[in-house]
1. So, in region 16-57, how many residues would count as being part of a helix (DSSP H, G or I) and either of a type in the set (V, I, T) or at pLDDT 80 or above (or both)?
2. For the list (1) in a loop (DSSP other than H, G, I, E, B); (2) in contact (Cβ under 8 Å) with a residue 24 or more places away in the chain, I need the number of the one condition that A122 fails.
3. Given the conditions (1) surrounded by 13 or more Cβ atoms within 10 Å (Cβ to Cβ); (2) at negative phi; (3) touching a strand residue (DSSP E or B) at 6+ places or on another chain (Cβ under 9 Å); (4) without any contact (Cβ under 8 Å) to a residue 40 or more places away in the chain, and given that T78 satisfies all but one, which numbered condition is not satisfied?
4. How about region 81-102: which of its residues are assigned to a loop (DSSP other than H, G, I, E, B) and surrounded by 14 or more Cβ atoms within 10 Å (Cβ to Cβ)?
5. Restricting attention to region 151-179, report how many residues are more than 22 Å from S56 (Cβ to Cβ) and at pLDDT 90 or above.
6. Of (1) farther than 17 Å from L44 by Cα; (2) part of a strand (DSSP E or B); (3) of a type in the set (V, I, T), V135 satisfies all except one. Which?
Amino acid sequence: MKNVLKEILSTSVYLLLVLCAAYLIVTYVGQRTQVSGSSMESTLSDEDHLIVDKISYRFKDPERYDIIVFPFQYDQDTYYIKRIIGMPGETIQIDDNGNIYIDGEILRENYGREVIKNPGRASEPIILGDDEYFVMGDNRNNSSDSRDPSVGNIHRKDIIGRAFMRIWPLSKFGILKHQ
């Protein structure tokens, strides 16, 4: 009887430690998330499963073209995944031809799938604050992003993490390229 009690206590302590470690990992290191929608096509597809790196931004700042996860401010438990286009302190504008300007210079990038039809609030210059980022989906004409007032500029404190690895589907398994 004494050995059984000792074994139950030992197993309980072990399970408690495992649960605490899992909680710490999910809260501070990384978590699994699923892409819903096509706003990041062709980089990410609907129902892709990703691991989000939640720790690296504790040691370094986000960079242009990083794919980040952040909460949607008007719907609890809804998270968006977008690419950083504009950095703190920059001025962003999108012209009628779909060109993205950063501080007056055309942004040369190849992530957008098509010419931007609706510049949204970026039709006028947007000056980012010291802790603000301008984000866009790669599927520019099918993305609710910083051009939309309901999303707006993303504050540094609201960034949950950086999309790190695709784990599903297995045919696309691997580390995501951001730059």
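1. Looking only at region 16-57, we keep the residues that are part of a helix (DSSP H, G or I), and these are 16-29, 56-57.
Pick out the ones that are also either of a type in the set (V, I, T) or at pLDDT 80 or above (or both) and you get 16, 18, 25-27, 29, 56-57.
So the count comes out to 8.
2. Looking at each condition in turn, A122 falls short on (1).
3. (1)
4. Taking region 81-102 first, the residues assigned to a loop (DSSP other than H, G, I, E, B) are 87-90, 95-99.
Residues satisfying the conditions are M87, P88, E90, G98.
5. Here the count works out to 2.
6. (1)
The values are calculated or read from the model by the stated rules, or taken from the named source; none is laboratory data. Predicted, not measured: the structure shown is a model, and the values here were computed from it. We place every Cβ from the backbone using ideal geometry, glycine too, and count neighbours over all the protein chains shown.
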